[in-house]
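The values are calculated or read from the model by the stated rules, or taken from the named source; none is laboratory data. Just so you know, these numbers come straight off a predicted model, no measurement behind them. A quick note on method: Cβ atoms are made from the backbone with ideal geometry, for glycine too, and the neighbour counts reach across all protein chains shown. Side chains included, ligands, DNA and RNA excluded: accessible areas come from the protein's heavy atoms. Shrake-Rupley method; radii C 1.70, N 1.55, O 1.52, S 1.80 Å.
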Amino acid sequence: MCTPRRALAVLLLALQLAWLCAVGSAAAAVPADIVLERGATSVRIESGVELLTEAPGENLTPEQAMSASLAPRWRPYAGKRVNLERQATPVWIRFNLRHEAERDTEWVLGIAWPMLQAVDFHQFDPGRNRWVASHSAGVNRPADPRLLRDPGLLFPVVMQPGDRASMLLRVNTSSQLLVPLVLWEKKELHASRHDRAVMMGLLFGILGVMLFYNLSLFIFTRDRSFLSYSVYLLSIILYELAVTGYGTYYVWGGTDWLKSRAYELFACFSFLAAAVFFRHFLDLKNAARHLNWISLVVISFWVVASVMAMFPATRLLIWMIGIGGILCSLAGVYSSVYLVAQGNVLARYFALAWITIIAATIVMMLSMFGVIDTGWWIQYVQQIGFVVETLLLSVALAERIKRETASKEAAQRESLVLTGRLHEERDEKIRAQEHALAVQLQANEELELRVLDRTAELKRAMENIELANIELAKLSVTDALTKVHNRRYFDETLKKEHDRSARTGTPVALVLADIDHFKKINDSVGHLAGDECLKLVATTLAGTAGRSTDLVARYGGEEFAVVLPATDAEHALEVAERMRVAVECIQFIYRGKRIPVSISLGVVARVAQASQSVADFISEADQALYAAKGAGRNQVQLAANG
């Protein structure tokens, strides 16, 4: 007789058996198999891949990752190359493989991106329901003697013809998670490694020769362009050592700090060195003003990024390298093309060289992301681009030397001609003086010189008095610390604008801004830092006020006032919001520590009434300011009557 208790026991037993079967066959619950076909020598893993991201603190084992309970968390990956942003936790990658190639072939799984910090490889045999291989590699992992010695990441695949296996990878890295997977027939892999070693030898050989050649030119000429170009060449070598894995493999393999930061650090360093070389070579300091500012901004950006790269990589740093690299490359193209349009011959070489390396890098990235197919030359396209770029820049430097030499020779020839003319004129003057009264001529010349000296002295004195008066006038209306207008000038200006508004019927706006928690800044980092904070905020507010008629003044302490003539409430709020955002974006770094800065703003904007005083107008803005503070600070409030 089947009692309810017995029926329940049978049901539980059936569920347990089903669960065990699911665990045993979990490796098969993936997309279509990747087939090692007969005659194939390499296979790129561009489909049939699934991903699973660990939860914080989860630390899964291979058995857990392949269990039926985690099956719903696996997601098919649609792209050709596994390419994700920086992940805070490890990512598991799996795919199925079926061996249908010849019996005497051996296969190796390679990852063509050597900057991954830790990769654990596991091979599962579903036929025998057991793990048949496990290996570890990566920047932060010690060398495994069972693996092939190579700058890249290589894992042997244990399979016989007719076998089917599930490949499982656990990838953990603090930078870009890029995992281009390739299955190599072992003989083809050795041939490819030989070709790659030859190409890398040529690359580093050419770059090394160029580096020492330009260093020698700097030693003999003391021209800073050769020094900055040598530093740029060194940065390219270091970057290529990092991105190809040869740096970790041969150069800094014993330095754990550099191994985990080499890619980000040398990428930032190469951009910084390129920006400095560009500035020196094309003399941007004396070029158009906006080109000079663009150059300084780019250099400052990469200095900050290089400092950040010395610490563990963050998502912000990854975005800075990616987006900053694109924007700064475009800035370099724009600056060089602008100079070409202005007739700068040397800029032509730089524009061509810069566009060449940008195009080569774009092709390489498109290949790595699977957008275009990979050919034998595409995997070396960036290295080829660097070689072409360095050759073009070397030609440009040679052209510069040629032009400077020709210019010096022309100057020497002109100097000789002028010297000859000077001698002729001197002889003529001597002959003329012989026929004149020497004493009278000398007296007249001395008198004329004294008159000229007295006239020049009087002119200089008048100019100095005028400059002193101008400077005194500026100082009387300027705040000594922040260099914006002072309270007295603000009172006078607001009174005039208030009267004009009452007379003409046009609106006038007043913005009162107060630095949030300024006392806390003074108490925590000192009054000197507080003074620097006031200067930064004042400069930012003055730069945000767009019109020449707008007035920015220090109202008192940490408060600032902005007078906006002929401005209604809507536009006054827009200006105030821009000021708030601009101050919030200030990078206030004091003694290596970033101090957040924000302001609260009160706005009043209306047509002034003759019956109301300026003090009432200021009071309304002040009440709006206190409303902004009371609502949580770092915001803008409009006065109730504004």
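So here's what we get for this one:
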item: Mean ellipticity per residue at 222 nm, deg cm²/dmol - from DSSP H runs of n ≥ 4 across the chain, formula -39500 (n - 2.57); result: -19000 deg cm²/dmol
item: The chain - percent of accessible surface contributed by carbon and sulfur, probe 1.4 Å; result: 60 percent
item: Whole-number D in µm²/s for segment 383-466 (Stokes-Einstein; Kirkwood sum over Cα pairs; 37 °C, 0.692 mPa s); result: 174 µm²/s
item: Trypsin sites (Lys or Arg not before Pro) within segment 565-596, DSSP loop, no more than 13 other Cβ atoms inside 10 Å; result: Arg591
item: Positive-end residue of Tyr250, Leu116, Ile93, charge dipole of the chain with Cβ unit charges; result: Ile93
item: Computed over segment 490-569, the ratio Rg/Rh where both radii use C-alpha atoms and Rh is Kirkwood; result: 1.08
item: Rg in Å to one decimal, and Dmax rounded to a whole Å, for segment 551-627 via C-alpha atoms; result: 14.8, 53
item: Helix 487-504 axis, angle to the chain major axis (alpha carbon atoms, nearest 10°); result: 90 degrees
item: Net charge dipole size for segment 504-563 [Lys, Arg +1 and Asp, Glu -1 on Cβ; Debye, nearest 20]; result: 140 debye
item: Calculated Rg and Dmax of segment 138-209 using C-alpha coordinates, Å; result: 15.6, 51
item: Cα-centred dipole magnitude for segment 538-642, charges only on beta-carbon of K, R (+1) and D, E (-1), debye, nearest 20; result: 560 debye
item: Estimated D of segment 76-210 in µm² per second, where Rh is the Kirkwood radius over Cα pairs and Stokes-Einstein applies at 25 °C, 0.890 mPa s; result: 151 µm²/s
item: Cα→Cβ-extended label distance, 7 Å offset, between Ala627 and Leu437, nm; result: 9.1 nm
item: Selection from Ala480, Ala436, Ala406, by position along the positive dipole direction of segment 406-554 (Cβ); result: Ala480
item: Viscosity 1.567 mPa s, 4 °C: Kirkwood-radius Stokes-Einstein D of the chain over Cα pairs, µm²/s; result: 41 µm²/s
item: Solvent-accessible area per residue, Å², over segment 33-104 with all protein chains present [probe radius 1.4 Å]; result: 49 Å²
item: More than 13 Å apart - percent of Cα-Cα pairs taken over segment 172-216; result: 71 percent
item: Charge dipole (debye, nearest 20) of the chain; +1 at Cβ of Lys and Arg, -1 at Cβ of Asp and Glu; result: 1420 debye
item: Folded to 0 to 90 degrees: helix 569-584 orientation relative to the chain principal axis, Cα; result: 70 degrees
item: Ranked by how many other beta carbons lie within 10 Å on average, peptides 584-590, 136-142, 416-422, 268-274 from highest; result: 268-274, 136-142, 584-590, 416-422
item: Solvent-accessible area per residue for segment 483-574 (1.4 angstrom probe, square angstrom); result: 47 Å²
item: Surface/4 estimate of mean projected area, convex hull on alpha-carbon atoms of segment 202-267, nm²; result: 4.7 nm²
item: Alpha-carbon Debye profile of segment 155-247, log10 I(q)/I(0) at 0.18 Å⁻¹; result: -0.97
item: Positive-end residue of Ala621, Gln637, Ser598, charge dipole of segment 593-642 with Cβ unit charges; result: Ser598
item: Segment 488-642, Rg to Rh (Cα coordinates; Rh as Kirkwood inverse mean 1/r); result: 0.99
item: On Cα atoms only, tilt of 438-477 relative to the major axis of the chain in degrees; result: 60 degrees
item: Per principal axis, descending, Cα span of segment 211-336 in whole Å; result: 44, 37, 19
